1. Need the list of lysines near residue 78 for cross-linking: C-alpha distance under 28 angstrom, and skip anything on the same chain fewer than eight residues off.
2. Please get the size of the charge dipole for the chain, origin at its Cα centre, with Cβ charges of +1 on Lys and Arg and -1 on Asp and Glu, quoted in debye to the nearest 20.
3. Rounded to the nearest 10 degrees, what's the angle between the helix 102-117 long axis and the longest principal axis of the chain, both from Cα atoms, 0 to 90?
4. Among 22-31, 82-91, 110-119, what's the highest-first ranking by average C-beta atoms within 10 angstrom per residue?
5. List the relative contact order of the range 3-147 as a percent without decimals, with contacts defined as Cα pairs under 8 Å and 6+ residues apart.
6. So what's the angle, to the nearest 10 degrees on a 0 to 90 scale, between helix 55-77 and the longest Cα principal axis of the chain?
7. When the C-alpha atoms of the range 3-147 are aligned to their principal axes, what extent does each axis show, in angstrom, from largest down?
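Please treat every number below as a calculation from the coordinates, not as lab data. Keep in mind it's a predicted model, so treat the numbers as computed, not measured. Please note: Cβ atoms are built from the backbone with ideal geometry, for glycine as well, and neighbour counts cover all protein chains shown.
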Amino acid sequence: MAIKDLPPEPVVPPNCNFVMYRQVGKMLILSGYGPLWGSNVPKKFQGKVPKDVTVKEGYNASKLTAMNLLLITRQAIKTLDKVDKIISVEGFVNSQPSFTDHPSVINGCSDFLVEVFGTNGHHTRSAIGSNSLAFGISVEISMTLLLK
């Protein structure tokens, strides 16, 4: 993947009171983040799955979120070469009450992590439906990594 394909560096959204990561020993815990491009949420990634956002668009939102999480990881430890493995992913999908295919949406994140880290990208995971998410985003994902 070329640098030009990466989103701008993630930032804590305005009026939000949290840190994007916390390192405890060899564990790096990342706060929940979404499919932001810089400080903006692409319109195609806002709303409920599958009413406003298709499952495929949700998958792509989840992949963009994974990219953002790796950029946050790089902010924290300066290089992804220090990542030993991905431990867990917790994914929330802004969905209609009858929607039950949350795993297909969060697969966008999981598939991307395995693409980047190979077998060390395999992780435990939750894929949970939510009746709303901050800023109207379609997915929010947090992640825990083990460092070398």
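1. Qualifying lysines at Cα under 28 Å: 4, 26, 63, 148.
2. Charge dipole, the chain, about its Cα centre: 220 debye, nearest 20.
3. 20
4. By packing density, highest mean first, the sequence is 82-91, 110-119, 22-31.
5. Numbers: 306 pairs, mean separation 48.6, N = 145.
Across the range 3-147, relative contact order equals 34 percent.
6. Once rounded, the angle reads 30 degrees.
7. Result for the range 3-147: principal-axis Cα extents of 40, 33, 29 Å.
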